[in-house]
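The values are calculated or read from the model by the stated rules, or taken from the named source; none is laboratory data. Here the structure is a predicted model, which means the values were calculated and not measured. Neighbour counts run over all protein chains shown; Cβ positions are idealised from the backbone, glycine included.
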Number of protein chains: 2
Amino acid sequence: MSLDDKATKPHDRLAQALAEDMAAVNALIRERMSSEHAPRIPEVTAHLIEAGGKRLRPMLTLAAARLVGYGGPFHVHLAATVEFIHTATLLHDDVVDESRQRRGRPTANLLWDNKSSVLVGDYLFARSFQLMTDTGNMRVMEILANASAVIAEGEVLQLTAAQNLATTEDIYLRVIRGKTAALFSAATEVGGIIGGAPEDQVQALFDYGDALGIAFQIVDDLLDYGGKSAEIGKNTGDDFRERKLTMPVIKAVALADEAERAFWKRVIEKGDQQDGDLEHAMALMTKHGTLEATRLAAIGWTDTARKALAKLPDHPLRQMLDDLADYVVERVR
Amino acid sequence: MSLDDKATKPHDRLAQALAEDMAAVNALIRERMSSEHAPRIPEVTAHLIEAGGKRLRPMLTLAAARLVGYGGPFHVHLAATVEFIHTATLLHDDVVDESRQRRGRPTANLLWDNKSSVLVGDYLFARSFQLMTDTGNMRVMEILANASAVIAEGEVLQLTAAQNLATTEDIYLRVIRGKTAALFSAATEVGGIIGGAPEDQVQALFDYGDALGIAFQIVDDLLDYGGKSAEIGKNTGDDFRERKLTMPVIKAVALADEAERAFWKRVIEKGDQQDGDLEHAMALMTKHGTLEATRLAAIGWTDTARKALAKLPDHPLRQMLDDLADYVVERVR
């Protein structure tokens, strides 16, 4: 289960404060995901978009715009744009990862086929660009087009870094900044821009989104190894089986002795995995303290996020965004 | 082999007349397909983009802009945008169709994997939107974003119409207008708009691109059944095997007697195909004259294209575009 799905107070408070705007976003999403001629498109989109995701990214856009005092209509378009880009990437990710479940339900590629997921994802990408042109604001278009490129670049980088023990923490940071943080930071940045915020506030909003997105992904990756408890649950070990190099593994590989290195080589590079290997991997990460170090890295990024927020005007939404940063790391605190 | 690959005089004359602009387009494409961090992206892109495609679509944009007297730099950006959108759709098409060859070379999904094709396609889509924002022209952005949505919609419609004998010529026209003609008409239209052409000329350019694209796809589909000669060659019958309903088959199904209908049901709907079925299908299409009727339909669309051209100012490029319409149907004349 991703953090998106978890209902906790900071997120709910934000949803409540933005309820009217979010209703407008949802109406716009429903309107724009339709297709006069190809009913498969809204079917596939609805399956994913109405599956109870928490709409974290569009809420960031709405909150950013409101926080800087925006009173116009276009933050709704931008929030829907961000959600469409996110949904398109989920559809394509599930094809790329050959996933069978998302948010506790069968994936679109399983219910329909890979073809539909690829093409409906393309449709949503195109729709997202239509939505952003509605704003008539060149700068937000540049930012969101750039974010889309950076997301795809991050995913490709992840693809080529997988199964490669030479992957460094720098490369890992680049991957997650691309595949996850780029959309968080674009979401907050365009909210500030459409709201006409001064440059230093736009920068602070970008920095908040960037750090929040990085913390969010590090936590997701840590939870894949059971989080703080390092216990194997039903959602544990997917990255291990897919031979993805995430922070706790990268740190463990860096500290490995010769025998441990041979182990990582076998399970990650060669992909020769046997019963008990996941447990052994987790024991190595515990031994070297890399789960704990990863946890501290995530908390460090939320601190960065909250420091950025402090540069923004005092506002009830600012407090909620501050709490949201806490919420992102709550499950590994 | 698609028409893109065939070097003939009208196309070459156009390429010669636009040589300087095309060199600028190619330089911009090379610049923008790069990725600082993910070398897989330019590798995959170069494989496709430098495979000797004829750059038909970007040439349409350049020709349209020059024809209406444009002297600025942005037709080059729009031409590169159009080529990036085209390349992204090719990458995704080959995944969707599980293709193994394109332009006589192994496809990217075969040389690398489906994942790379999906993600590099996404990257090129995003890059295409960045390129169009460089122009600062809202209207061309709207048109190209819309065209991208219509392309994906056409592909989804094709997916759901495949294997369904109830597919009508209207649906077929909608599919090919989406998957093929939408990018042709957007290519010519944005050339006119960036050139500041009056509305009636922009409309004429759109109409030319639309009709040319439709003719182009009908010819492609006809050639899949051997074209005029109705002879089985090495590129014959792909659509039949994939159970895609194209114009000659749709017309033959409409004219089928009971036994013929049972045949189409078996091979297209049930997908139960045996040796000799393709030959039998072609015999039925010849018997009902549907290959000839399809040929005439394609020629009819090139006439429409040329009539639209006649509304544009006299110009050497106008003559070349006129010849190009002829060239598109040349192989089935």
**Asked** Restricting attention to the stretch B:199-222, which residues are closer than 18 Å to residue B:155 by Cα, surrounded by fewer than 23 Cβ atoms within 10 Å (Cβ to Cβ) and polar (S, T, N, Q)?
**Response** none
**Request:** Name the helices (runs of 4 or more DSSP H) wholly inside the stretch A:64-147 in which the number of residues that are closer than 22 Å to residue A:207 by Cα, in contact with a helix residue (DSSP H, G or I) (Cβ under 6 Å, 6 or more places away or on another chain) and more than 12 Å from chain B (Cβ to nearest Cβ) is 2 or more.
**Result:** A:74-96
**Prompt:** Which ranges mark the helices (runs of 4 or more DSSP H) fully within the stretch A:226-333 that have 3 or more residues being buried (at least 18 other Cβ atoms within 10 Å of the Cβ) and touching a helix residue (DSSP H, G or I) at 6+ places or on another chain (Cβ under 9 Å)?
**Reply:** A:247-254, A:277-287, A:290-309, A:316-330
**Complete:** Residues in the stretch B:44-62 that are crowded, with 19+ Cβ neighbours inside 10 Å and touching a strand residue (DSSP E or B) at 6+ places or on another chain (Cβ under 8 Å) total 1
**Item:** Residue among B:60, B:28, B:67 that alone is closer than 19 Å to residue B:184 by Cβ, over 21 Å from the mean Cα position of the chain (by Cα) and at pLDDT 95 or above
**Value:** B:67
**Fill in**
Checked the stretch A:14-45 for anything out of contact with any helix residue (DSSP H, G or I) (no Cβ under 7 Å at 6 or more places or on another chain), within 14 Å of chain B (Cβ to nearest Cβ) and part of a helix (DSSP H, G or I); matches are A:31, A:42, A:43
**Request:** Might you check whether a residue that is modelled with pLDDT of 95 or more, out of contact with any strand residue (DSSP E or B) (no Cβ under 6 Å at 6 or more places or on another chain) and hydroxyl-bearing (Ser, Thr, Tyr) occurs anywhere in the stretch A:245-263?
**Result:** yes
**Request:** Sort through A:184, A:125, A:206 and tell me the only one that's modelled with pLDDT of 95 or more, farther than 23 Å from residue A:71 by Cα and not hydroxyl-bearing (Ser, Thr, Tyr).
**Result:** A:125
**Request:** Starting from residues that are among the charged types (D, E, K, R) and at the interface with chain B (Cβ under 8 Å from one of its Cβ atoms), keep the ones in the stretch A:148-175 and report whichever is nearest to residue A:240 (Cα to Cα).
**Result:** A:155
**Item:** Odd one out for residue A:144, checked against (1) under 19 Å from the mean Cα position of the chain (by Cα); (2) over 20 Å from residue B:35 (Cα atoms)
**Value:** (2)
